[in-house]
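Chemist: My structure is below; once you've seen it, I'll send some questions.
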Amino acid sequence: MSLDEVILDANPAAERLFGRPRGELIGKPLSDFLSTEGFSLTREQSRRKLTGRESATTYEIDLLAGDGRVVAIEVSSRLVYEGGEPVAVEGIGRDLSERRALEERLRQAQRMESIGRLAGGIAHDFNNLLMAIRGYSELALTKLGAGESAARGDVEEITNAAERAAALTRQLLAFSRRQMLQLRVIDLNALVEEMQSLLERIIGEDVELVTRLDPELAHVKVDPGQIEQAIMNIAVNARDAMPHGGRLAITTENSELGELAEDDTLISDAPLEAGNYVRLVISDSGGGIDPALKPRIFEPFFTTKEPGKGTGLGLSTVHGIVSQSGGQIAVSSVAGSGTTFSLYLPAVPEPIEPIERDGVRASDSNGVGTILLAEDEAVVRRLLCGALEESGYTVLDASDGHEALAIAMEYEGEIDVLVTDLVMPGMGGAELAEQLLSMRPQTRVIEMSGYTEDRSRLVVGNGRALFLQKPFPPSRLAGEIDLLLRGAGLPREQLLNRQTARAAAPRAVRTASE
């Protein structure tokens, strides 16, 4: 560039950067190709060099490319001399687009992580409260007589409200990637087929549901309930995007080496790793996504719906579920031509495992056995103690891991099952379980949590340990304990004899509820 800010020469890299051939650049004022702010900064930098205040400088400006794009570039410039006099300014520009995009993705990931930690912490405390609300509501219902219909209706409304709140916390946990997944190898086609009637009810009669499922589809290892939630969330968004009806298509196919479909834009803070994937595609014929809003659609609490019409957690929940499942999500959308979400889930070679639907397991007989209960939330501990004792179990309860371990060391009889919250002050449930099992290896373990960041190191689901996501009905805990003890092969007569002997002996330890 000459000292009067006219372009003197340009190399091939500059042609690519400016988006114009060399002939269209030479002799043109630099101001034709820079933003107003960028040109002012460039002029100021040149003047500083000419006055001797600086010899070489590096700065960032916006370049107006030939295709209409505004490209951020980093410029390193210096004076060029002939005969000891400055005659021109040489500038080397570097495209910052990729770096800026990476920086924005990093900032977005940091924001999501911060919000996720906050959401996870709130969900943990909130689930303990919901545990008590739901549990005591259900106990109240069992005590209300048939003639107390008004009171029964009020309590049922409390229970229903608690269930809706529990569903919201599950969304928070899924978004924050702190949901304890119950992973199973499944056939994704079968899951979609099972959901078809439910999806038809969700989207309404004026939206046509079409499925195209690859019969050779590979298996995936996921939490079936969470993937169902992800599909439903996308379907609800699609329905809202088609207020006058339309078409919702669900497709499955194998995707090798992580190659994205032609129009897919990956939404992730990491690239899709090479490997074999199953691609679940959900497309609608709605109005599409405004390009200006597209970068924000997975942000928590961001919504374009009217107040009261949505929580803004639908797509952020989908993103959390897919990410926690080891997959990635991509989106393509054209204004006026609909939106397509592609869920890429890692394929696995293992055979299909049967899907067990989550439900309340109730014991069909009075409970027999000794339970060590460790729970730091007093109201939850009292609720579970009462429910277990009412079912017939002997309960030793503690307010944290250290107290539970002390009780176990002093207690002379057998401890059949440890029921422990995973997140407690001092000693958490995972450490408690490991230390207890080193002393009493025959003890079974039930872990529970509103969420857990430091997951248990026990092999949950191996017949000796299982996990319960809070909140759950107290009756379910009694039923799970009964099934766990039956799976241990302990004859009921043996447990009854133990319990009779314990009842006759003096109590050796003091518990948290005493």
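Chemist: Between SER337 and VAL185, what is the label-point separation in nm under the 7 Å Cα-to-beta-carbon projection?
Modeler: Calculated label separation equals 4.0 nm.
Chemist: Per 0.36 nm of contour for each residue apart, how much would the distance between VAL6 and SER76 grow if the chain were fully extended, relative to their Cα-Cα spacing? Write down the numbers at each step before the final one.
Modeler: On the way: separation 70, 0.36 × 70 = 25.20 nm, distance 1.73 nm.
Extra length from VAL6 to SER76 when fully extended: 23.5 nm.
Chemist: So who's got an amide H within less than 5 Å of the one on ARG184, skipping anything under 5 residues away but keeping other chains? H placed 1.01 Å off N, in plane.
Modeler: VAL222, ASP223
Chemist: Relative to the present Cα-Cα distance, how much length would full extension add between LYS143 and ILE92 at 0.36 nm per residue of separation? Numbers along the way, then the final one.
Modeler: Numbers: separation 51, 0.36 × 51 = 18.36 nm, distance 8.11 nm.
Residue separation times 0.36 nm, minus the Cα-Cα distance, leaves 10.2 nm.
Chemist: What distance in nm lies between label points placed 7 Å from Cα along the C-beta direction at ARG152 and GLU15?
Modeler: 8.5 nm
Chemist: Specify whether the C-alpha gyration tensor of region 1-50 places it in the rounded, prolate or oblate class, a ≥ b ≥ c being the square roots of the eigenvalues: rounded for a/c under 1.5, otherwise prolate if a/b is larger than b/c and oblate if not. Please list the in-between numbers first.
Modeler: Details: a/c = 2.15, a/b = 1.67, b/c = 1.29.
Taking the square roots of the gyration eigenvalues as a ≥ b ≥ c, region 1-50 is prolate.
Chemist: Which loop-located GluC sites (Glu not before Pro) does region 198-254 contain, where loop means any DSSP state but H, G, I, E or B and the Cβ has at most 10 other Cβ atoms within 10 Å?
Modeler: Numbers: sites: GLU200, GLU205, GLU208, GLU216, GLU228, GLU253; in loops: GLU205, GLU216.
The qualifying sites are GLU205, GLU216.
Chemist: Another question, then. For a Förster distance of 30 Å, can you work out the FRET efficiency between the beta-carbons of SER438 and ARG486, rounded to the nearest 0.05? Intermediate results must be reported in sequence, preceding the final value.
Modeler: On the way: r = 25 Å, r/R0 = 0.83.
Efficiency, from the Cβ-Cβ distance: 0.75.
Chemist: Then there is this: Explain nothing, just compute: Karplus ³J(HN,Hα) = 6.51 cos²θ - 1.76 cosθ + 1.60, θ = phi - 60°, for every residue of region 35-51 in order, whole Hz, x for Gly and Pro.
Modeler: Each residue's phi maps through the Karplus curve to give 5, 4, 5, x, 5, 4, 5, 4, 4, 5, 5, 5, 5, 5, 5, 5, 8 Hz.
Chemist: Length gain on complete extension for the stretch GLU273 to GLU208, per 0.36 nm per residue less the alpha carbon to alpha carbon distance? Could the numbers behind the result be given before it?
Modeler: Numbers: separation 65, 0.36 × 65 = 23.40 nm, distance 3.45 nm.
Once the chain is fully extended between GLU273 and GLU208, it gains 19.9 nm.
Here, each number is a calculation from the coordinates, and none is a lab measurement. Note that the coordinates shown come from a computational prediction; the quantities given were computed from them, not determined experimentally. Methodologically, a virtual Cβ is constructed for each residue, glycine included, from the backbone with ideal geometry; neighbour enumeration extends over all protein chains shown.
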